[in-house]
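Chemist: Here's a structure for you.
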């Protein structure tokens, strides 16, 4: 089955620093990957759609300069949280779909804590 | 109106009983519907997908879709304590993005 690997699973960083989260499709090529954020006891909120070889599409209200997305290959998308602040602390999850298939596979998520 | 709506619960069901989870969606052209299970602190995992009207069964799980009523449901038979989790309904939107409901917290009581 389709597997999406996300790394790191947990990260603690200081305010003002940047954090990079990686999302890899291990056994399939993903032209599109999605980045979600989830706050405690809330549902997943789509942040952006990452397209291989082109700019990401951000959802309304998501700062593109703060959440930098790079999708340089068909198997890797990265999310960089720049100048992180405590309010950026959240659970970040990526997902990918196999081209031509409506199924979506999720990574294991990254718990970001900004202190 | 939210694109995907669920009763947030919590829903409590005795062990061995049937748990019924409901979801409605607003976009009539939606074609793909998914149920995910999420344990606390973990990522969602796909339980069922359904694309056409009617029932789809997989083990103890049955997904039901009624496009005319814009309604999707998930039935869990012979509920087990390990089924206790948050269940997320998701719908594939026009832009091929997965839109989630707010989730229903299910507790199975031994």
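Chemist: I'm trying to understand the selection: among the residues of the range A:18-42, which are over 19 Å from residue A:65 (Cα atoms) and surrounded by fewer than 22 Cβ atoms within 10 Å (Cβ to Cβ)?
Modeler: Listed by number, the residues that qualify are A:24, A:26, A:27, A:28, A:29, A:31, A:32, A:38, A:39, A:40, A:41, A:42.
Chemist: Going through the range B:18-31 one residue at a time, which ones are within 12 Å of chain A (Cβ to nearest Cβ) and either under 16 Å from residue A:95 (Cα atoms) or surrounded by fewer than 18 Cβ atoms within 10 Å (Cβ to Cβ) (or both)?
Modeler: Of everything in the range B:18-31, just one residue is within 12 Å of chain A (Cβ to nearest Cβ) and either under 16 Å from residue A:95 (Cα atoms) or surrounded by fewer than 18 Cβ atoms within 10 Å (Cβ to Cβ) (or both), namely B:31.
Chemist: If I filter the range B:4-17 for residues that are buried (at least 18 other Cβ atoms within 10 Å of the Cβ), within 14 Å of chain A (Cβ to nearest Cβ) and either touching a residue at least 40 places away in the same chain (Cβ under 8 Å) or in a loop (DSSP other than H, G, I, E, B) (or both), do I get at least one hit?
Modeler: Within the range B:4-17, one or more residues are buried (at least 18 other Cβ atoms within 10 Å of the Cβ), within 14 Å of chain A (Cβ to nearest Cβ) and either touching a residue at least 40 places away in the same chain (Cβ under 8 Å) or in a loop (DSSP other than H, G, I, E, B) (or both).
Chemist: Restricting attention to the range B:42-61, and to residues there that are over 12 Å from the mean Cα position of the chain (by Cα) and not in a loop (DSSP other than H, G, I, E, B), which single residue is farthest from residue B:16 (Cα to Cα)?
Modeler: Looking at residues that are over 12 Å from the mean Cα position of the chain (by Cα) and not in a loop (DSSP other than H, G, I, E, B), I get B:54.
Chemist: Collect the residues in the range B:18-41 that are assigned to a loop (DSSP other than H, G, I, E, B), modelled with pLDDT under 95 and farther than 17 Å from residue A:41 by Cα, keeping them in residue-number order.
Modeler: Correct list: B:26, B:27, B:28, B:29, B:30, B:31, B:32.
Chemist: Given the options B:81, B:110, name the one that is at pLDDT below 95 and over 29 Å from residue A:33 (Cα atoms). Don't jump to the end; show me each part of the working.
Modeler: Details: B:81 fails: at pLDDT below 95.
From the options B:81, B:110, the qualifying one is B:110.
Yes/no matrix, rows are residues, columns are (1) within 14 Å of another protein chain (Cβ to nearest Cβ); (2) in contact with a strand residue (DSSP E or B) (Cβ under 7 Å, 6 or more places away or on another chain); (3) closer than 17 Å to residue B:2 by Cα; (4) touching a residue at least 24 places away in the same chain (Cβ under 8 Å):
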{"residue": "B:68", "(1), (2), (3), (4)": "no, no, no, no"}
{"residue": "B:91", "(1), (2), (3), (4)": "yes, yes, yes, yes"}
{"residue": "B:103", "(1), (2), (3), (4)": "yes, yes, yes, yes"}
{"residue": "B:110", "(1), (2), (3), (4)": "no, no, no, yes"}
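Chemist: Got at least one residue in the range B:73-88 being free of Cβ contacts under 8 Å to residues at least 40 places away in the same chain, within 13 Å of chain A (Cβ to nearest Cβ) and in contact with a strand residue (DSSP E or B) (Cβ under 9 Å, 6 or more places away or on another chain)? Don't jump to the end; show me each part of the working.
Modeler: From the range B:73-88, those free of Cβ contacts under 8 Å to residues at least 40 places away in the same chain are B:82, B:84; that's our starting set.
Going one step further and asking which of them are within 13 Å of chain A (Cβ to nearest Cβ), we end up with none.
Scanning the range B:73-88 turns up no residue that is free of Cβ contacts under 8 Å to residues at least 40 places away in the same chain, within 13 Å of chain A (Cβ to nearest Cβ) and in contact with a strand residue (DSSP E or B) (Cβ under 9 Å, 6 or more places away or on another chain).
The values are calculated or read from the model by the stated rules, or taken from the named source; none is laboratory data. Everything quoted here is computed from the prediction, not taken from an experiment. A quick note on method: Cβ atoms are made from the backbone with ideal geometry, for glycine too, and the neighbour counts reach across all protein chains shown.
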